[in-house]
Amino acid sequence: MKKQYYFDHNATTPVRPEVVEAMLPYLTDLYGNSSSVHTFGRVARLAMDESRETVARFLGAEPEEIVFTGCGTESDNIALSGYMASAPEDKNKFITTKVEHSAIMKTGEKLERDGYMATYLGVDSQCRIDLDNLRDVIDGNTALVSIMHANNETGVLQEIEQVAHIAHEAGAVFHTDAVQSVGKIPLNVKEMGIDMLSMSGHKLNAPKGIGVLYVKKGIPVTPLTYGGSHEHGIRPGTENIAGIVALAKAVELAMEGIEKETEKLSALRDRLENGIENAIENVLFNGRGAPRLPGTSNMSFPGVDGEALLFSVDIEGIAASTGSACTTGDVEPSHVLIAMGCDPKTAQGSLRVSMGWGTNVEGVDRIIECLPAIVKRLRAISGSV
Ligand code: PLP
């Protein structure tokens with residue numbers, strides 16, 4: 001087998017060895033249920049409480065504002081459906097964007113079927129919403145504004161502090177899906193005016209199966225499932241202690257290394273984009289003109305079939321992605337690129353390269369080395385060159 005290079009960190013990340021080490025005891029000897037009163041239970045409870053404090057500190061929140069969930073999708077569902085169900089009766093509207101992850105899009109569609117009114121804000125060619133558009137559509141009947149921090153396909157960041165300000169002025173609550181940005185760029189819920197925030201462990205080097213919903217004190221959220229009083233009753237069910245401990249460790253590591261990692265990933269991304277630009281004609285870097293996550297690059301190659309491109313780079317040992325992982329297998333062009341004004345054929349020929357912990361120059365140079373010949377061959381097949 002060829003040497004493999006992983007460039008799909010926005011889909012999921014490797015679990016760091018320090019994280020495995022931290023969580024392992026809670027899968028073996030320390031298996032207590034955190035609701036039990038005996039020593040096993042108290043040990044689990046203590047680990048959970050300490051982890052909650054770490055996550056809260058990382059987000060700039062209070063421990064009691066942290067709700068552990070199973071994943072980012074669940075956090076998004078609880079935020080949107082749970083808050084809309086609790087909102088005052090005269091507030092039946094919510095606002096989001098056309099470039100959200102399916103966890104928000106599908107929840108939005110469900111809320112519309114339930115009778116709520118939705119507005120999906122468009123974006124410009126750089127994947128950014130227009131704040132004046134938001135000012136135009138928001139009104140006193142708006143209960144919730146949910147706008148993602150970093151886009152999972154392009155890495156483009158929205159001006160969420162300003163969004164929060166506009167939402168609050170209109171008397172609405174502000175939620176952000178920060179699944180892609182937490183751990184990659186500095187973030188503070190209090191300073192940024194965020195009322196609810198979703199995050200997911202497996203995007204920041206913790207395992208799959210653990211997520212967080214931050215809910216600011218005083219924001220009412222109706223639970224979507226019923227059972228015990230775990231997680232303030234917002235997310236009942238015995239907590240995943242090993243996952244929670246792992247998440248706290250991953251968060252600690254991310255906090256420690258955020259500046260160095262940002263510098264490293266920005267340099268690698270620029271090296272990749274410059275290298276590709278010099279070697280391949282007619283390539284578009286989607287969202288390059290906007291503030292972006294340091295390690296995400298999304299490029300379109302007109303005349304190239306995206307799926308064939310993905311398979312071809314995979315044969316060369318490069319694991320990348322077209323669109324988001326959750327829509328892979330779906331031949332529809334990316335809804336994000338379409339919203340940015342990309343024509344469907346070009347959008348179909350795009351590649352997302354996402355970097356993270358463990359990405360190095362060798363891998364980047366491998367992409368720069370193998371991509372030109374692949375693009376040339378696929379363009380020849382499609383008859384575009
Ligand atoms: N929101 C965004 C922006 C994402 O990128 C993802 C996953 O790709 C999710 C939500 C869903 O997170 P999870 O995989 O933890 O359910």
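Values as computed for the structure displayed
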quantity: Candidates GLU259, GLU231, GLU273, GLU277 - the one that is among the acidic types (Asp, Glu), out of contact with any Leu (no Cβ under 8 Å at 6 or more places or on another chain) and in contact (Cβ under 8 Å) with a residue 40 or more places away in the chain; calculated: GLU231
quantity: Top-ranked residue in the stretch 49-88 [being surrounded by 20 or more Cβ atoms within 10 Å (Cβ to Cβ) and within 14 Å of THR238 (Cα to Cα); ranked as farthest from the ligand (Cβ to nearest atom)]; calculated: VAL67
quantity: LYS203 among the charged types (D, E, K, R) and within 16 Å of the ligand (Cβ to nearest atom); calculated: yes
quantity: Some residue of the stretch 240-250 being of a type outside the set (A, V, I, L, M, F, W, C), within 16 Å of the ligand (Cβ to nearest atom), at pLDDT 95 or above and within 28 Å of VAL20 (Cα to Cα); calculated: yes
quantity: Members of the stretch 89-115 that are among the hydrophobic types (A, V, I, L, M, F, W, C) and either within 16 Å of the ligand (Cβ to nearest atom) or at pLDDT below 95 (or both); calculated: VAL99, ALA103, ILE104, MET105
quantity: Any hit, the stretch 116-134, residues being among the hydrophobic types (A, V, I, L, M, F, W, C), over 25 Å from PRO223 (Cα atoms) and in a helix (DSSP H, G or I); calculated: yes
quantity: Residues satisfying the stated conditions in the stretch 161-205, i.e. among the polar types (S, T, N, Q) and either touching a residue at least 40 places away in the same chain (Cβ under 8 Å) or touching a Phe, Trp or Tyr at 6+ places or on another chain (Cβ under 6 Å) (or both); calculated: GLN180, SER181, ASN188, SER198, SER200, ASN205
quantity: Checking THR262 against (1) farther than 25 Å from ASN286 by Cα; (2) away from the ligand (no atom under 14 Å from the Cβ); (3) within 17 Å of the chain's Cα centre (by Cα); (4) among the polar types (S, T, N, Q), the condition it does not meet; calculated: (1)
quantity: Unique match (being surrounded by 18 or more Cβ atoms within 10 Å (Cβ to Cβ), among the β-branched types (Val, Ile, Thr) and over 29 Å from VAL55 (Cα atoms)) among ILE95, ILE138, ILE166; calculated: ILE138
quantity: Qualifying residue in the stretch 132-143 (condition: within 16 Å of the ligand (Cβ to nearest atom), out of contact with any Gly (no Cβ under 8 Å at 6 or more places or on another chain) and at pLDDT 95 or above); calculated: no
quantity: Residues of the stretch 102-119 that turn out to be within 19 Å of the chain's Cα centre (by Cα) and within 17 Å of LYS91 (Cα to Cα), as a count; calculated: 1
quantity: Positions within the stretch 295-337 being under 28 Å from GLU159 (Cα atoms), modelled with pLDDT of 95 or more and more than 16 Å from the ligand (Cβ to nearest atom), in sequence order; calculated: MET299, SER300
quantity: Pairs where the first residue, in the stretch 36-53, is outside any helix (DSSP H, G or I) and the second is not aromatic (Phe, Trp, Tyr), C-beta under 9 Å, 6+ apart; calculated: SER36/ARG42; SER36/ALA44; SER36/ARG45; HIS38/GLY32
quantity: Residue within the stretch 147-156 that is touching a residue at least 12 places away in the same chain (Cβ under 8 Å) and either basic (Lys, Arg) or more than 14 Å from the ligand (Cβ to nearest atom) (or both) present; calculated: no
quantity: Residue in the stretch 14-27 that is touching a strand residue (DSSP E or B) at 6+ places or on another chain (Cβ under 9 Å) and either among the small types (Gly, Ala, Ser) or within 16 Å of the ligand (Cβ to nearest atom) (or both) present; calculated: yes
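The values are calculated or read from the model by the stated rules, or taken from the named source; none is laboratory data. Here the structure is a predicted model, which is why all the values come from computation and not from measurement. Reconstructed Cβ throughout: ideal geometry from the backbone, glycine too, with neighbour counts over all protein chains shown.
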